[in-house]
C-alpha cells in the first residue's frame, strides 16, 4: 500500500500542472502581448509565413523558472 504513495503524489502534481497549462492556453488569446513582443520574429511572404516567438519564449521560461524554484524549496 505504501509503495504507491509517491506515485499518487506524482500523478496529482502532474495533473495540476496539466490543468494550469491547459488554462493558460485557453486564456492566451485574452492576453494581448503574448506572441507579439518586440523580439518575436515574424516573416510573411506570398506563400510562406515564418513565426518564431523568441521573446515570448524567454519571458515564459523566466516565469516558469521562478515558479518551479519557488515550489521546489523545502
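Extending 7 Å from Cα along the Cβ direction at residue 40 and again at residue 18 yields two label points whose distance is 2.8 nm. The structure shown yields Cα Rg over 2.2 N^0.38 Å, and of the options (1) 1.58; (2) 1.06; (3) 1.32 that calculated value carries the label (1).
Using a 10 Å cut-off around each Cβ, can you sort 36, 73 from fewest to most neighbouring Cβ atoms? Numbers along the way, then the final one.
Numbers: 36 12, 73 5.
Starting with the residue having the fewest Cβ neighbours, the order is 73, 36.
Stretched out fully, how many nm does the piece from residue 4 to residue 50 gain, at 0.36 nm a residue minus the Cα gap? Please report the intermediate quantities before stating the final value.
On the way: separation 46, 0.36 × 46 = 16.56 nm, distance 4.64 nm.
Length gained, residue 4 through residue 50: 11.9 nm.
Rounded to the nearest 10 degrees, the inclination of helix 5-27 to the longest alpha-carbon principal axis of the chain is 20 degrees.
To the nearest 10 degrees, how steep is helix 54-72 against the longest Cα principal axis of the chain, on a 0 to 90 scale? In the chain, helix 54-72 runs at an angle near 10 degrees to the longest axis.
Any read-out appearing in this document is the output of simple, stated calculations on the displayed coordinates, not a laboratory observation. Not measured: the values here are computed from a predicted model. Positions of Cβ are backbone-derived with ideal geometry, glycine not excepted, and every protein chain shown enters the neighbour counts.
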